[in-house]
Amino acid sequence: MKVLVTGGTGNVGGAVVRELLTRGSQVRVLARKHPLAGKLPTQAEVAIGDLMDPVSLEAALEGVDKLFLLNAVVADELTQALIAYGIAKRKGVKHITYLSVFKAEQFKDVPHFASKLAIENALRESGVAYTILRPGYYIQNDGTLKGALTGAGIYPMPIGTEGICAVDVRDIAEAAAISLTGEGHEGQTYDLVGPSLINGPANAALWSTLLSKEIRYTGHNFDQWELQMRTMAPAWTAFDLRVMFQGYFERGFASTASEVERLTHLLGHAPRSYKSFAEETAAQWKD
Ligand SMILES: NC(=O)c1ccc[n+]([C@@H]2O[C@H](COP(=O)([O-])OP(=O)(O)OC[C@H]3O[C@@H](n4cnc5c(N)ncnc54)[C@H](OP(=O)(O)O)[C@@H]3O)[C@@H](O)[C@H]2O)c1
C-alpha cells in the first residue's frame, strides 16, 4: 500500500512519514524541492511538485493508494487543498486522511480554520473514503520558544488563563498512520487532544521550575501581540493567528475527558502530555 504524504518535509508530515514506514507502508512525499540529505528516511520516495500545480499532483499521485493531506497555513490554503482533493478523486485514490483543526466549526472568523471547514465539507460530500483529524494546539510549537524562555524569561504565547487543549505531534502522526493502515476509520472525525489543558501562567510556572529561572507569562494583549507578530510574519498571518488566539480566549478551546478517552482508545495508549514534552525539551536545552 502506497501513501502520498503532503507536507512531509514539515513537522507533522515528517512524523507521519516515519509512522507509516514503521507500519510497513510505502511512502511517497510531495516536496517542492529535493529535501536535504537526512531530512527524510531513505525508504521514502520523493515526488517533486507543488500543491498549486495540478499537473505535478497528477504525476505524484500515479500508483498511489491513499493520501495524507496536510496544507500549510498559506493564503491560498483552500485552493491548494481542493486541487489535491480533486486530483486524488479523479485518480481513484481509495482514502484521504485530512489534517484539519480542533473546533474548526466554532472559529469561522479565523481564515485558516474557515478554509479547513470548507475542505472538511467537501470531503464529507465527496464519495471518497476519508478520515478527518482535528488537532489542538501543537505542544511542539513551544519548542521554538528557547530564546524567549531561556533568554528574556518570558512565556509569550497568548493562550490565556482558562486552559486550551494541546496535542503532541507524535500522537497526531500515530493517529494519521493508524487511520491510513487500519480498518474502520472511514468517515470518522477524530479530535486530537492531550491529556490535560494548558494555560499561560501554568506553562510559565512549569518552565520556571524546569529551567530554574523566573519566567513570566506576558499575558494576552492581542493588539500588541499582532504588532509584534508582524515583525516576524506577513501581516495577514499575524491577523489570522491573532483572531485565533483571541477566539481561544473569548470562546474557549478546551477538550473534554471523553475526547481524551476516544483518542486513548485510537492510539492504544494515553496521549503524551505537555509536561513530559517540556521535561524532555528542558533536558535537551541544558545539554
Ligand atoms: N501549529 C499548531 O498549533 C497547529 C494546530 C492545529 C493544526 N495545525 C495545522 O497544521 C498544519 C501545519 O503543520 P506543520 O506544523 O507540520 O507544518 P510545517 O512544519 O510548517 O510544514 C508545512 C509543509 O507544507 C509544505 N508546503 C507548503 N507550501 C506548499 C506547497 N505550495 N506545495 C507543497 N507543499 C507545500 C512545506 O514544504 P516545504 O518544505 O517545501 O516548505 C512543509 O512540508 C496547518 O494546516 C495548521 O493549520 C497547526
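The values are calculated or read from the model by the stated rules, or taken from the named source; none is laboratory data. Source: prediction; values computed, not measured. Backbone-built Cβ (ideal geometry, glycine too); neighbour counts: all protein chains shown. The protein model used for the area step is the full one, side chains on, heavy atoms only, and it has no ligands, DNA or RNA in it. Shrake-Rupley method; radii C 1.70, N 1.55, O 1.52, S 1.80 Å.
How many percent of the accessible area of region 1-120 is carbon or sulfur, using a 1.4 Å probe? Before the final figure, lay out each step's value.
Working: 2740 of 5190 Å².
Roughly 53 percent, rounded to a whole number.
Report P(r) for the chain: all Cα-Cα distances, bin width 5 Å, range 0 to the bin holding the largest distance, values in whole percent.
Taking all Cα pairs of the chain, the binned fractions are 1, 6, 12, 15, 18, 17, 14, 10, 5, 2, 0, 0 percent.
Can you tell me which of 157-167, 67-77 comes out highest on packing, and rank the rest after it, using the mean Cβ neighbours within 10 Å?
On the way: 157-167: 21.9, 67-77: 20.3.
Going from most to least packed, we get 157-167, 67-77.
Starting from the Kirkwood radius over alpha-carbon pairs of region 70-156, derive D by Stokes-Einstein at 37 °C in a medium of 0.692 mPa s and give it in µm² s⁻¹. Numbers along the way, then the final one.
Working: Rh = 14.6 Å.
So the translational diffusion coefficient is about 224 µm²/s.
Rounded, prolate or oblate: which fits region 182-222, taking a ≥ b ≥ c as square roots of the Cα gyration tensor eigenvalues, rounded meaning a/c under 1.5, else prolate when a/b beats b/c? Don't skip to the answer; put the middle values down first.
Details: a/c = 5.60, a/b = 2.47, b/c = 2.26.
Prolate.
Is the shape of region 2-105 rounded, prolate or oblate, going by the alpha carbon gyration tensor and its root eigenvalues a ≥ b ≥ c, with a/c under 1.5 for rounded and a/b larger than b/c for prolate?
Rounded, because the longest to shortest axis ratio a/c is under 1.5.
Enumerate the amide H contacts of H95 below 5 Å, restricted to partners 5 or more residues apart or on another chain; note that Pro and chain-start residues carry no placed amide H.
Excluding prolines and chain starts, which carry no amide H, the hits are L67.
How big is the accessible area of D109 in square angstrom, nearest 10, if you roll a 1.4 angstrom probe over the protein chains?
Rounded to the nearest 10, that gives 80 Å².
Calculate one ³J(HN,Hα) per residue across region 182-196 by plugging θ = phi - 60° into the Karplus curve 6.51 cos²θ - 1.76 cosθ + 1.60, and present them in order as whole Hz with x for glycine and proline.
x, 9, x, 9, 5, x, 8, 10, 10, 7, 10, 9, x, x, 8
Ranked highest first by the average count of other Cβ atoms within 10 Å around their residues, in what order do 231-239, 190-198, 271-279 fall? Write down the numbers at each step before the final one.
On the way: 231-239: 12.8, 190-198: 22.9, 271-279: 18.6.
Highest to lowest by the protection proxy: 190-198, 271-279, 231-239.
Relative to the longest principal axis of the C-alpha atoms of the chain, give the angle of the C-alpha long axis of helix 169-181, reported between 0 and 90° and rounded to the nearest 10°.
20 degrees
Would you mind checking which residues have amide H under 5 Å from T189's amide H? H placed 1.01 Å from N; only 5 or more apart, or other chain.
So T189 has HN proximity to I132.
Post the alpha-carbon centroid distance, region 257-287 to region 199-235, in whole angstrom.
21 Å
Using the Cα centre as the reference, give the magnitude of the dipole from point charges on the C-beta atoms of the chain (Lys, Arg: +1; Asp, Glu: -1; all else neutral), rounded to the nearest 20 debye.
Numbers: 28 positive and 31 negative charges, 89 e Å.
Its charge dipole is roughly 420 debye.
Please give the per residue accessible area of the chain, computed with a probe of 1.4 Å over protein heavy atoms only, in Å².
Values: 12740 Å² over 287 residues.
Per-residue value: 44 Å².
By how many degrees, 0 to 90 and rounded to 10, does the Cα axis of helix 200-211 deviate from the longest principal axis of the chain?
80 degrees
Return one number: the angle in degrees, 0 to 90 and rounded to the nearest 10, between the long axis of the Cα atoms of helix 111-124 and the longest principal axis of the Cα atoms of the chain.
Its long axis makes an angle of about 30 degrees.
Please compare each pair in K33/K89; K108/K146; K66/K103; K33/K66 to a cut-off of 28 Å on the Cα-Cα distance and tell me which ones are over it. Walk me through the intermediate numbers first.
Working: K33/K89 25 Å; K108/K146 32 Å; K66/K103 25 Å; K33/K66 22 Å.
Pairs exceeding the cut-off: K108/K146.
Mind checking which of M52, F113, V101 is farthest towards the positive end of region 1-117's charge dipole, using Cβ charges of +1 (Lys, Arg) and -1 (Asp, Glu) about the Cα centre?
Checking the options against the dipole of region 1-117, the answer is V101.
When the dipole is taken about the Cα centre of region 167-277, and only Lys, Arg (+1) and Asp, Glu (-1) are charged at their Cβ, what size is it in debye, to the nearest 20? Write down the numbers at each step before the final one.
Values: 9 positive and 13 negative charges, 99 e Å.
Computed charge dipole of region 167-277: roughly 480 debye.
Using only the Cα atoms of region 181-287, build the gyration tensor, take square roots of its eigenvalues as a ≥ b ≥ c, and label the shape rounded, prolate or oblate: rounded if a/c is under 1.5, else prolate if a/b is larger than b/c, else oblate.
Since a/c reaches 1.5 but b/c is at least a/b, the shape of region 181-287 is classed as oblate.
Give me the percent of accessible area attributable to carbon and sulfur for region 126-198, probe 1.4 angstrom. Working shown, then result.
Values: 1100 of 2210 Å².
In region 126-198, the share of accessible area belonging to carbon and sulfur is 50 percent.
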